[in-house]
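Taking it in order: structure first as structure tokens, then the write-up.
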Amino acid sequence: MALLVQKYGGTSVGTPERIRNVAERVARTQAAGHKVVVVVSAMSGETDRLLNLARQVQSNPDPRELDVVLSTGEQVTIGLLCMALIEKGVKARSYTGAQVGIHTDDAHTKARIQRIDEERMRADLADGRIVVVAGFQGIDVGGSVTTLGRGGSDTTAVALAAALKADECQIYTDVDGVYTTDPRIVPDARRLKSITFEEMLEMASLGSKVLQIRSVEFAGKYKVRLRVLSSFEEQGAGTLITFEEDERWNKPSFQGSHSTATKPRSPSWACPTVPGSPTPFSGRSATPTCWGSSPVWTCTGALASASFSAS
């Protein structure tokens, strides 16, 4: 049995029909014997709609109140997805970032995760539930809702996978993996079977929109196995984002009824250097601290979203 975190973006949950399709995929994954945590974005176009609505009321929206408005998009999606799962007879429970215990700093509209309380998720998983979490959001020390910035749902998914020590974090999107270049522009673009975190960071720094760069930093920092998959295709291994030293050609994909072998974890990771910068991540500290089985996950380093240790 594997513990999987699956993230579905706005296009994947853009209509009620697509939400039902996601529910079917998630239910099949659980039926194959896996424990599943799902992170979802707002429905396609919803965040822009909410932002425009806020600007119609206040030309320069107050950051705190803007976070209150923008966070509602994901709240709608988690409720609808749980309804679709329950309709199928599957036990599921939804949580906002605040409810599940994603604690951030108070930098509204661009907050960084500081710690995650994982006890509630583990209890639900042990009870046979699928846990559905709103991406992109958290709560600060004063109890105010915060958001993580564009692409923040990727960061939420990877952070939860790291906190739960998930076997794999699967990012479902509208493409079936990472390509050598944009396949919509270059017909001969080739899908990569595997790519290292360092290579993915370079692509993200050069403008690739497959994954948010902070989520790649997170995953690399704590060796979270990342896989990019298409939510519109039933088959396919996607692209595995991993480390050069991994036996990446021999590791199984956690899909359907595939092997449930787990991966080894190293307590440390050497922060890769982004090409063009004199030091890793522009000189920010990236010395990792090994963390164990504590139910509370705490941020301690100068690397913000990518530097965590157990409390």
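Which net charge results when you count Lys and Arg as +1 and Asp and Glu as -1 among the other residues whose beta-carbon is under 12 Å from that of T104?
Surrounding charge for T104 is -1.
Volume per residue, Å³, of the convex hull around the alpha-carbon atoms of region 3-260?
Enclosed volume per residue, from the Cα hull, is 128 Å³.
Sort the following peptides by mean Cβ neighbour count (other Cβ atoms within 10 Å, averaged over residues), highest first: 23-29, 188-194.
Packing proxy ranking, top to bottom: 23-29, 188-194.
With a cut-off of 8 Å between alpha carbons and a minimum separation of six or more residues, what is the relative contact order of region 3-260 in percent?
Relative contact order, region 3-260: 20 percent.
What is the set of long-range amide H partners of M43 at a cut-off below 5 Å, with H atoms built 1.01 Å from backbone N?
Amide H neighbours of M43: T77.
Can you order the peptides 135-143, 36-44 by their average number of other Cβ atoms within 10 Å per residue, highest first?
Descending packing order for the listed peptides: 36-44, 135-143.
Of F136, T146, G14, whose Cα points farthest to the positive end of the dipole of region 3-260 (charges on the beta-carbon: +1 Lys, Arg; -1 Asp, Glu; origin at the Cα centre)?
Final value for the positive-end residue is G14.
Relative to the Cα centre, what is the charge dipole magnitude of region 3-260, using +1 at the beta carbon of each Lys and Arg, -1 at the beta carbon of each Asp and Glu, and rounding to the nearest 20 debye?
Charge dipole, region 3-260, about its Cα centre: 420 debye, nearest 20.
Using mean Cβ contacts within 10 Å as the protection proxy, how do 162-168, 127-133 order, highest first?
Packing order, densest peptide first, comes out as 162-168, 127-133.
Viscosity 0.890 mPa s, temperature 25 °C: give me the Stokes-Einstein translational D for region 34-94 in µm²/s, with Rh taken as the Kirkwood radius over C-alpha pairs.
D = 187 µm²/s.
To two decimal places, what compactness ratio does region 23-133 give when its Cα radius of gyration is scaled by 2.2 N^0.38 Å?
1.21
Read the figures in this text as sums done on the coordinates, not as results from a lab. If you're wondering where the values come from, they're calculated on a predicted model, not measured in any experiment. Cβ sites come from the backbone with ideal geometry, for glycine too, and all protein chains shown count toward neighbours.
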